1. Using the Cα centre of the chain as the reference point, and only Cβ charges (+1 on K/R, -1 on D/E), how large is the resulting charge dipole? Debye, rounded to the nearest 20.
2. What number, in percent, do you get for the relative contact order of the chain if the mean sequence gap of Cα pairs under 8 Å and at least 6 apart is divided by its residue count?
3. What is the count of Lys pairs in the chain whose alpha carbons sit under 18 Å apart, if the two are 8 or more places apart or on different chains?
4. Which shape class, rounded, prolate or oblate, goes with the range 22-103 when its Cα gyration tensor gives a ≥ b ≥ c as root eigenvalues, a/c under 1.5 marks rounded, and past that a/b bigger than b/c marks prolate?
5. With the full set of protein chains in place, find how many percent of the accessible area of the chain is carbon and sulfur; take the probe as 1.4 Å.
6. Quickly estimate the mean residue ellipticity at 222 nm for the chain, helices only: each DSSP H run with n ≥ 4 gives -39500 (n - 2.57), and the total goes over all residues, rounded to 500.
7. Which distance in nm do the two modelled labels at Y24 and E5 give, with both placed 7 Å along the Cα-to-Cβ direction?
8. Enumerate the residues in the range 45-69 having an amide nitrogen under 20 Å from the point lying 7 Å beyond the Cα of A12 toward its Cβ.
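The values are calculated or read from the model by the stated rules, or taken from the named source; none is laboratory data. These figures come from a predicted structure and were not determined experimentally. Neighbour counts run over all protein chains shown; Cβ positions are idealised from the backbone, glycine included. Heads up: the accessible areas ignore ligands, DNA and RNA and are worked out on the full protein's heavy atoms, side chains in. Shrake-Rupley method; radii C 1.70, N 1.55, O 1.52, S 1.80 Å.
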Amino acid sequence: MTNKEKIKKIQAVIDYSGRERTYYSLLEDLGDLKSNYADYMTTKPINCNEELQREANADYELCTALLTAILRENHFSNDSFEHRQRAGQVDEILKRLVAELNK
């Protein structure tokens, strides 16, 4: 998949955000769902609040790992993804992904 195709898919999710499954599907479609997301994290156990502070300078791979991490966080803490989505944290990661693909 080209960067342009990835940007189109990411932008569609930004424009019409959905539920948690939408974001899992996006990462799967992009081939970027990180089963080893913990390898990208600096906190042990993973503290998503701290990890998300790295988003502003994150490269594409770290952004996909951060998105995977907050999706997994929701598995253990119901509604955390929805809270982060409402706070704009999820869209910020997606926008960063687009910026990295545009480089």
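1. For this selection, approximately 180 debye.
2. Worked out over the chain, it gives 33 percent.
3. 12
4. Rounded is the answer for the range 22-103, as its axis ratio a/c remains below 1.5.
5. Taking all protein chains in place, the chain shows 45 percent carbon and sulfur surface.
6. The helix-only estimate for the chain comes to -19000 deg cm²/dmol at 222 nm.
7. 2.4 nm
8. So the set is 64, 68.
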